[in-house]
Amino acid sequence: MSATLAVLRKDLRLAWRDRSGWLAAASFAAISVLTYSFAFDLAAQDVRPLLPGVLWTTFLFAGIFAGGQSFQREAEQGTFDAMLMAPVPASAIYFGKALSNMLALIVVEVALLLLATILFDTTLITADLILIVAVGTVGYVSLTTLLSTLGSRARARAVLLPALALPLLVPLLIAAVRATGASLGEPAGTAPWTLLLVVFALWSSVGAALLFPMVVER
Amino acid sequence: MDNLQFLFAGFAVFWAALLVYLLILQGRVHSLEREIGRLEERLVESTEAADRGNEATAAGASERVAGRTVEPSAPTT
Amino acid sequence: MNVPRALTAAVHGVYGLRWLVLPPATAIAMFALLVGAVIAAPREIVEGEVQRLMYIHVPSALMTYLAFGITFVSSLIVLWKRDMRWDAAARASATVGVIFTAITLATGAIWGKPIWGVYWAWDARLTTTLVLFLIFSAYLLARAVAGPNDEQVARYAAVFAVIGALDIPLIHMSVSWWRTLHPQPIVFRPLDGPALPDEMLLVLMIGFGAIFLLVLWMTSLLTDAERLAQRTEALRARLDREDRG
């Protein structure tokens, strides 16, 4: 536990020092929402049926691109192997990195919700929406952090990560979009979307934490 | 209902997929062939180099035998 | 002799017989399937000739799960035993699985056009199969970035295959809540037995057997090729080390 916290502190410091990457993710997210507004002419019509999809595809792409660099700095500087040799369980390394990615992404996502609230005149900063966004973020960041360990093959990783992550995230995307739509008052059917979102988040974080040591083992 | 052309298309797709499999397999066999060819070349090169080395030591040994009567050591392979 | 070792020996014994058993058995079964599907089975009254695609579509769909099941189990063994031989089996079965998923999707679309009026519908089963196709195509891509003996990438790919296989129930659940047009299962119905006429059922059963054998044969052939690639690669690496050392 304390090891996880230590790793988390280190990773947050690293994320702060390396904040250009996260700023790039945030500006990507903002520009993506603007692009969607032009593409679907979101200003001219009722935005609520489309907004959940716009938000979640933006979250996922921003998360995949930003989270894909999780271990890049460590791999480049060779500190990753040092960290693996340190007397810290590999799962603590995983949790530290995943938590720091989640925190950074939730900041980006809340900023995006604020931007969308202003742009589309729809109240998006509500308690249940932030909860849905947080659970969904846990669900996808767990997997993208695990998948970003495709080692030093940086070129391959940049191309492969979306192709690897997005098919796995289909259930999360559907559940998150429907749950978000429901909280905006859209018809979402009778299916328990929030429950599916929680199940996915649990499944992906437990599965990824169990499998992470096997991927990074030297 | 006459939709024989769809049946034909379906079976064509099935055989096409099996053909793709055969092409994948052929690709593997081909790269294996190349790899083994390269290994063979290196084997031939290294045995030739070893043979040349052996001839040289054998010649040196017989000279020494001619000069002084020294028992030639067994050529190392 | 303990039980796991006896089991391993039995598996090896059966696997050793593959060149004796699989080619003739597959040839006979495939011949029976084609004759049965195209000639022997009666013409379906409502759907017409195109219904004959069912005899390859349904078995291919089911045997996709056999292939990806082999990928899943082999990947677990790669992670557990650190045995690269199982990585060869995982890659081979994933390739065969992707091929049969493509067959399933394509024959389904070709059947769908005259019967449903559209090639593609966002039905739960179709969507699950499509996502399955994407996941294991991505697996093959990820595994292809490294050579046959790269254990690091092999383990990464194995973890991805395990996650992908465990994701299937969640995908199926989410897309069936999201959309549900595909004909309900007509063979494996729990209560009142299959709803197909006897001749059709017989041809379909031959289809299951034939595609089963075909998938096994294709997988074992490709596994042997991958295994040979691993061995030659290891040989070359050893020669390189000796040359340098």
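The values are calculated or read from the model by the stated rules, or taken from the named source; none is laboratory data. Everything numeric in this text was worked out from a predicted model, so none of it was measured. Positions of Cβ are generated from backbone atoms using ideal geometry, with glycine treated the same way; all protein chains shown enter the neighbour counts. Surface accessibility is based on the protein's heavy atoms, side chains included, excluding ligands, DNA and RNA. Shrake-Rupley method; radii C 1.70, N 1.55, O 1.52, S 1.80 Å.
Consider residue A:205 carefully, then state whether it is open to solvent by 10 Å² or more (accessible area, probe 1.4 Å), among the polar types (S, T, N, Q) and either over 30 Å from residue A:72 (Cα atoms) or part of a helix (DSSP H, G or I) (or both).
The answer is yes for residue A:205.
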How do the pairs read when you match residues in the range B:39-54 that are within 21 Å of residue C:237 (Cβ to Cβ) and assigned to a helix (DSSP H, G or I) with residues anywhere that are among the hydroxyl-bearing types (Ser, Thr, Tyr) and modelled with pLDDT of 85 or more, using Cβ under 8 Å and keeping only pairs 6 or more apart or on different chains? B:39/C:232
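Residue-by-condition table, conditions (1) within 21 Å of the chain's Cα centre (by Cα); (2) aliphatic (A, V, I, L, M); (3) closer than 24 Å to residue A:140 by Cβ:
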site: C:99; (1), (2), (3): yes, yes, no
site: C:124; (1), (2), (3): yes, yes, yes
site: C:129; (1), (2), (3): yes, no, yes
site: C:163; (1), (2), (3): yes, yes, yes
Give the residue that is farthest from residue C:168 (Cα to Cα), with candidates limited to residues of the range A:172-192 that are open to solvent by less than 10 Å² (accessible area, probe 1.4 Å) and facing chain C (nearest Cβ under 9 Å). A:175
Against the condition more than 20 Å from residue C:212 (Cβ to Cβ), open to solvent by less than 10 Å² (accessible area, probe 1.4 Å) and either assigned to a helix (DSSP H, G or I) or of a type in the set (Lys, Arg) (or both), how does residue C:135 come out, does it pass? yes
Name the single residue that is nearest to residue A:40 (Cα to Cα) among those in the range A:114-170 being open to solvent by 50 Å² or more (accessible area, probe 1.4 Å) and at the interface with chain C (Cβ under 10 Å from one of its Cβ atoms). A:166
Criterion violated by residue A:198 - all others in (1) within 18 Å of residue A:64 (Cα to Cα); (2) open to solvent by 40 Å² or more (accessible area, probe 1.4 Å); (3) of a type outside the set (S, T, N, Q) satisfied: (1)
Considering each residue of the range C:212-245, count those that are facing chain B (nearest Cβ under 10 Å) and under 17 Å from residue C:29 (Cβ atoms), and give that number. 3
So which of C:111, C:116, C:122 is within 14 Å of chain A (Cβ to nearest Cβ) and open to solvent by 10 Å² or more (accessible area, probe 1.4 Å)? C:122
Can you tell me which residue is farthest from the chain's Cα centre (by Cα) among those in the range A:58-89 that are of a type in the set (Gly, Ala, Ser) and surrounded by 16 or more Cβ atoms within 10 Å (Cβ to Cβ)? A:75
Could you go through the range B:60-72 and let me know if any residue there is more than 38 Å from the chain's Cα centre (by Cα), more than 8 Å from chain C (Cβ to nearest Cβ), modelled with pLDDT of 90 or more and part of a helix (DSSP H, G or I). no
Among the residues of the range A:21-40, is any not in a helix (DSSP H, G or I) and not hydroxyl-bearing (Ser, Thr, Tyr)? no
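Tally the residues that are closer than 17 Å to residue C:165 by Cβ, more than 7 Å from chain C (Cβ to nearest Cβ) and not hydroxyl-bearing (Ser, Thr, Tyr), restricting the search to the range A:204-218.
Matching residues across the range A:204-218 total 3.
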Could you check how many residues of the range B:3-25 are within 7 Å of chain C (Cβ to nearest Cβ), open to solvent by 20 Å² or more (accessible area, probe 1.4 Å) and within 20 Å of residue C:51 (Cα to Cα)? 4
